[in-house]
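Below is one structure, written out as structure tokens; comments come after it.
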Amino acid sequence: MGNVSAAEGQKAGAPPPPIMTPPPKPTSGGGPPSSATSAELERNPGLYEDLHKQCKDLFPQVFEGAKVIIAKGLSSHFQVSHTLTLSTFTPSGYRFGATYIGSKQLSPTESYPVLLGDIDSNGNMSANILHAFSERLKGKFVTQFQSRKCVGQQMTLDYRGDIYSTSITAGNLDPLNMSGLLIAHYLQRVTPRLALGAELMYQRGPQMPGGEIAIMSLAGRYSGNNWTLSANLSPVAGNLHTCYYQRVHELLQIGVELETSVRMADSTATVAYQIDIPKADVVFKGQFDSNWCVGAVMEKKLVPFPFTLALSGYANHVKSQYRFGIGIIIG
């Protein structure tokens, strides 16, 4: 949970949701943040939505067909991108994207405000706005338009205390029809290694049984020197989501994800890994799960040129589906 859609997590090989994936952290120059406040925020457990981030980052973003991405920085604050995709499974065509990064710097890797947007040849557009009102309070607004209509919007406020973080998200609110989604998160560091939290989701609309539904989930994360175990449990829905991450070597990282639905009597286990080969400028990500699905993506930097070659493969041995992709990233 944590997105506007209350559906379960994305299956391996499926394309990611169009607007609900958080955009990458911006980078830019500027002055250093306050050392006292920064030291306090180091004890912060992070956001609830990033509970499984270390493990999830190992999963390859597989694609099918061919794609070309050209990124061009017009200044230190503004960048544009051009994406051309040819595929039989996902929409093909051209997309134009633009990114603006402001000059308010909170850390060497974070500057605000951030404006992200892209539009395709059919006029479908998505936009993201991120802003830090202070080092502790940040906001995010995400929206998407299709066929000249707004089909989704999401607003989030995050607050980071000394040893806790809390956030509230409102999605697809419609005051006239009294429908929409509200999500509240809380995560607190109990010990230097243990963090505990909870999520409360309330959704109202005609598609809900009885017109409304409320679900509460409990979560925890325990961190070792080079490993992390995280889990969230929803007793009402009967769902358990567990992730284990470990850095085996400076060149090898592995992650294991287990998703269990008691109500559906179904469990899926997925193993993901990332191999870095610095001397060859290669990053390889792969995954395989208990449904006999295998996927992998290899990225190779073609130095001294500013090019990156991406090769992707995915196989579903149960359904006999096989997808292969090749891409080039310039910039």
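Given the options Gly205, Gly211, Gly224, name the one that is modelled with pLDDT under 95, open to solvent by less than 80 Å² (accessible area, probe 1.4 Å) and either closer than 30 Å to Asp281 by Cα or of a type in the set (Asp, Glu) (or both).
The conditions single out Gly224.
If you go through segment 203-210 one residue at a time, do you hit one that is among the charged types (D, E, K, R), more than 23 Å from the chain's Cα centre (by Cα) and part of a strand (DSSP E or B)?
Scanning segment 203-210 turns up at least one residue that is among the charged types (D, E, K, R), more than 23 Å from the chain's Cα centre (by Cα) and part of a strand (DSSP E or B).
For segment 268-317, which strands (runs of 3 or more DSSP E) that fit wholly inside it have 1 or more residues that are among the aromatic types (Phe, Trp, Tyr) and out of contact with any helix residue (DSSP H, G or I) (no Cβ under 9 Å at 6 or more places or on another chain)?
Passing ranges, in order: 282-289, 307-316.
Being under 23 Å from the mean Cα position of the chain (by Cα) and surrounded by 19 or more Cβ atoms within 10 Å (Cβ to Cβ) narrows it down to one of Val271, Val297, so name that one. Break it down into steps so the answer makes sense when it comes.
Values: Val271 fails: surrounded by 19 or more Cβ atoms within 10 Å (Cβ to Cβ).
Answer to the check: Val297.
Okay, residues lined up against (1) open to solvent by less than 40 Å² (accessible area, probe 1.4 Å); (2) of a type in the set (S, T, N, Q); (3) under 18 Å from Ile330 (Cα atoms):
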position	(1), (2), (3)
Pro45	yes, no, no
Glu49	no, no, no
Lys67	no, no, yes
Ile70	no, no, yes
Pro91	no, no, no
Leu106	yes, no, no
Glu110	yes, no, no
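Can we say Arg148 is among the basic types (Lys, Arg) and crowded, with 19+ Cβ neighbours inside 10 Å?
On the way: among the basic types (Lys, Arg): yes; crowded, with 19+ Cβ neighbours inside 10 Å: no.
Answer is no for this residue.
Residues that are open to solvent by less than 20 Å² (accessible area, probe 1.4 Å), under 25 Å from His131 (Cα atoms), under 19 Å from the mean Cα position of the chain (by Cα) and touching a residue at least 60 places away in the same chain (Cβ under 8 Å): does segment 153-165 have at least one? Talk me through it step by step, then tell me what you get.
If we filter segment 153-165 for residues that are open to solvent by less than 20 Å² (accessible area, probe 1.4 Å), which is where we start, we get 154, 156, 161, 165.
Those left that are additionally under 25 Å from His131 (Cα atoms): 154, 156, 161, 165.
Restricting the remaining residues to those that are under 19 Å from the mean Cα position of the chain (by Cα) gives 154, 156, 165.
Within this subset, residues satisfying the condition of being touching a residue at least 60 places away in the same chain (Cβ under 8 Å) are 154, 165.
Within segment 153-165, one or more residues are open to solvent by less than 20 Å² (accessible area, probe 1.4 Å), under 25 Å from His131 (Cα atoms), under 19 Å from the mean Cα position of the chain (by Cα) and touching a residue at least 60 places away in the same chain (Cβ under 8 Å).
The values are calculated or read from the model by the stated rules, or taken from the named source; none is laboratory data. All figures in this text were calculated on a predicted structure; none of them were measured in a lab. Cβ atoms come from the backbone with ideal geometry, glycine included; neighbour counts cover every protein chain shown. Protein only, heavy atoms only, side chains kept; ligands, DNA and RNA dropped before computing areas. Shrake-Rupley method; radii C 1.70, N 1.55, O 1.52, S 1.80 Å.
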